[in-house]
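First the structure, in the form of structure tokens, and then the observations on it.
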Amino acid sequence: MIRTEIRTALQAYAPKEATATNEPRYYTRGEVGSMLHVSLTTLTKWRQAGTLTPVKIGGRTLYPREAVKKALQTMRGKR
């Protein structure tokens, strides 16, 4: 009885997507390096080459979600 209700509740549950909010999501250099499996030096070279464009917020270098997604798609296409 309880299992059935739990199963029904889990099936009806729809998690909120991160993009549902209007606030843009930014990643730190370390997070982007981990996601793309590259070093911070490589990120700096990509910034200088214009491959991956960060933004400066409060003195921090942050990468917008869309820029990281685009870089991931570009990297997958080169393999």
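Each reported figure results from applying straightforward, stated rules to the coordinates on display, with no laboratory input. Predicted, not measured: the structure shown is a model, and the values here were computed from it. Note that each Cβ is placed from the backbone with ideal geometry, even for glycine, and that neighbours are counted across all protein chains shown.
Structural remarks
- The shape of segment 32-79 comes out prolate: with a ≥ b ≥ c from the C-alpha gyration tensor, a/c is at least 1.5 and a/b beats b/c.
- This ranking places 75, 1 by how few other beta-carbon atoms lie within 10 Å of each, fewest first, which gives 1, 75.
- Each Lys and Arg adds +1 at its Cβ and each Asp and Glu adds -1 at its Cβ; summed about the Cα centre, segment 30-79 shows a dipole of about 140 debye.
- Sequence of 7, 25 once ranked by neighbouring C-beta atoms within 10 Å, starting from the fewest: 7, 25
- Of 27, 63, the sequence from fewest to most neighbouring Cβ atoms within 10 angstrom is 27, 63.
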